[in-house]
Amino acid sequence: MSVIVEAKQLVKEFGVETALFAPKKRVKAVSGVDLAIEKGETFSIVGESGCGKSTLARLLTRLLAPTGGDVLIDGQAVARLKGKELTKLRGKIQFIFQDPFSSLNPRMNVAALIAEPMEIHRPDIAPQDRRAEVARLLEQVGLRAEYMDRYPHEFSGGQRQRIGIARALAAQPEILVGDEPVSALDVSVQAQVINLLGDLKAQLGLTLIVIAHDLAVVRHMSDRIAVMYLGKVVELGRADDVVANAQHPYTKALMSAVPEAYVGEREAPIALEGEIPSPIDPPSGCRFRTRCPFAQAKCASDEPLLRTVSEGHSVACHFYEDIAAQDTKKDTTEHPISEIAARRFGLFRAAVSKTTDLEKSVSEEEK
Ligand SMILES: Nc1ncnc2c1ncn2[C@@H]1O[C@H](COP(=O)(O)OP(=O)(O)OP(=O)(O)O)[C@@H](O)[C@H]1O
Ligand code: SF4
Ligand SMILES: [Mg+2]
């Protein structure tokens, strides 16, 4: 496989006013991220609210320009692109927004919403042929072609997200970036939209980049996962490695939200205490140290860099080996999981693993 999106020491800082007449402070939203995303893979970025996921997604799609570093798309550096070259890039990499209610212009009907990116990025389609292409795209995302003359308010959340996906596909992109593409939807509808993205990826040979705060949402759909904490990637690897063999204490703590991962011979979940610190003044050394139960003096003085744990799996923690050794000494009994969490996760998983016939996957409520 070849690398299609590469982040090189990517940095984004925002200037913010914290008090009247006080000098602006810098929010360090993304602080030196290196990533290499392979063509055709589903790459997910997970982490708590405020850790910089959306900023990273916007940098990768060049909706934001970086403060430092660069993004290479198909080998082309994009930080300083302007005009026609930037428009061309936008055709190649499209964004699916989190909120299907605010991301679609309520004054445009579905045909106009989907035709808009087509006009910009596919001038080869003659104006009289656009409606036929809109109809094809609607069917591709599991909606009826006759919906094209309706307006966004006439649709449910899941249907609107399908329209958002059709709009992204209208540009004929190679890469789709979804920023929490299902977090605003009901659990049952989430699974349908995830299935749809997986089907489209397979049919069209797309590369998918998915942002999520919930490991449970992305673990079944991802080839690889990057875990972010306060602007940095702290763990990176194949999805099954990151989930079943998490090395960073933060990833282990995130795993507590994935009940299934705690059944079997595994260590007890680590309770994550306290708020994520302010990105205006992040902790020195390891940014996770103020919440890490294993923190030592070195964690305050030295920043841990990503180190290889096994092939394709890396972690940024000075003491991951010691922590793993401690874990294996702990109890290895099955850990009871909360019934509610288990039921919720079971429902979600059952829905995700259903057959993905698009017509069938649109529920009666959705139609
Ligand atoms: N335009 C902006 N101006 C100032 N600060 C910003 C801006 N955009 C993001 N930030 C700050 O940067 C940090 C990272 O924000 P970001 O939206 O990338 O996080 P996130 O991981 O996507 O969070 P969430 O899960 O809540 O969507 C936050 O502290 C946020 O307040
Ligand atoms: S480097 Fe230190 S503070 Fe950071 S995760 Fe590892 S043990 Fe915890
Ligand atoms: Mg976000």
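Some values worked out for this structure:
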item: Filtered residues of the stretch 189-218 (kept if polar (S, T, N, Q) and touching a Lys or Arg at 6+ places or on another chain (Cβ under 6 Å)); result: Thr207
item: Enumeration of residues in the stretch 230-240 that are of a type in the set (D, E, K, R) and either assigned by TED's automatic domain parsing to the domain that holds Arg26 or at pLDDT 95 or above (or both); result: Lys232, Glu235, Arg238
item: The stretch 281-290, subset surrounded by 14 or more Cβ atoms within 10 Å (Cβ to Cβ) and within 16 Å of ligand 1 (Cβ to nearest atom), residue nearest to Phe14 (Cα to Cα); result: Pro282
item: Exclusive hit being of a type in the set (Gly, Ala, Ser) and more than 16 Å from ligand 1 (Cβ to nearest atom), set Gly83, Gly32, Gly52; result: Gly83
item: Filter result for Leu59 (in a helix (DSSP H, G or I) and either of a type outside the set (Ser, Thr, Tyr) or outside the structural domain of Phe97 (by TED's automatic domain parsing) (or both)); result: yes
item: Candidates Ser31, Ser44 - the one that is within 16 Å of ligand 2 (Cβ to nearest atom) and at pLDDT 95 or above; result: Ser31
item: Total residues in the stretch 210-232, condition in contact with a helix residue (DSSP H, G or I) (Cβ under 7 Å, 6 or more places away or on another chain), within 14 Å of Ile37 (Cβ to Cβ) and within 16 Å of ligand 3 (Cβ to nearest atom); result: 2
item: Condition check for Ser183: farther than 26 Å from His121 by Cβ, more than 18 Å from the chain's Cα centre (by Cα) and either at pLDDT below 95 or not assigned by TED's automatic domain parsing to the domain that holds Ser314 (or both); result: no
item: Inter-residue pairs, beta-carbon under 9 Å, first among the acidic types (Asp, Glu) and in the stretch 124-147, second part of a helix (DSSP H, G or I) and buried (at least 19 other Cβ atoms within 10 Å of the Cβ), 6+ apart; result: Glu133/Ile114; Glu133/Ala115; Glu133/Met118; Glu146/Leu138
item: Count of the stretch 45-72 residues which are hydrophobic (A, V, I, L, M, F, W, C), more than 16 Å from ligand 3 (Cβ to nearest atom) and crowded, with 21+ Cβ neighbours inside 10 Å; result: 1
item: Test result for Leu169, surrounded by fewer than 24 Cβ atoms within 10 Å (Cβ to Cβ) and within 21 Å of Thr87 (Cα to Cα); result: yes
item: Qualifying residue in the stretch 74-85 (condition: within 16 Å of ligand 2 (Cβ to nearest atom), part of a strand (DSSP E or B) and either surrounded by 13 or more Cβ atoms within 10 Å (Cβ to Cβ) or not assigned by TED's automatic domain parsing to the domain that holds Leu236 (or both)); result: no
item: Residue check for Gln140: at pLDDT 95 or above, surrounded by fewer than 21 Cβ atoms within 10 Å (Cβ to Cβ) and on the phi < 0 side of the Ramachandran plot; result: yes
item: Members of the stretch 86-101 that are polar (S, T, N, Q) and not in a helix (DSSP H, G or I); result: Gln94, Gln98
item: Residues being part of a helix (DSSP H, G or I) and at pLDDT 90 or above - total across the stretch 191-229; result: 13
item: Filter pass, Leu204 being buried (at least 19 other Cβ atoms within 10 Å of the Cβ), under 21 Å from Gly142 (Cβ atoms) and more than 16 Å from ligand 1 (Cβ to nearest atom); result: no
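Every residue, every condition in (1) touching a Phe, Trp or Tyr at 6+ places or on another chain (Cβ under 9 Å); (2) of a type outside the set (Val, Ile, Thr); (3) in the same structural domain as Thr207 (by TED's automatic domain parsing); (4) assigned to a helix (DSSP H, G or I), yes or no:
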| residue | (1), (2), (3), (4) |
| --- | --- |
| Ser103 | yes, yes, yes, no |
| Asp129 | no, yes, yes, yes |
| Ala135 | no, yes, yes, yes |
| Gly142 | no, yes, yes, no |
| Tyr147 | yes, yes, yes, yes |
| Leu176 | yes, yes, yes, no |
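The values are calculated or read from the model by the stated rules, or taken from the named source; none is laboratory data. What you see is a predicted model; the values in this text were computed from it and never measured. With ideal geometry, Cβ positions are generated from the backbone for all residues, glycine too; neighbour counts draw on all protein chains shown.
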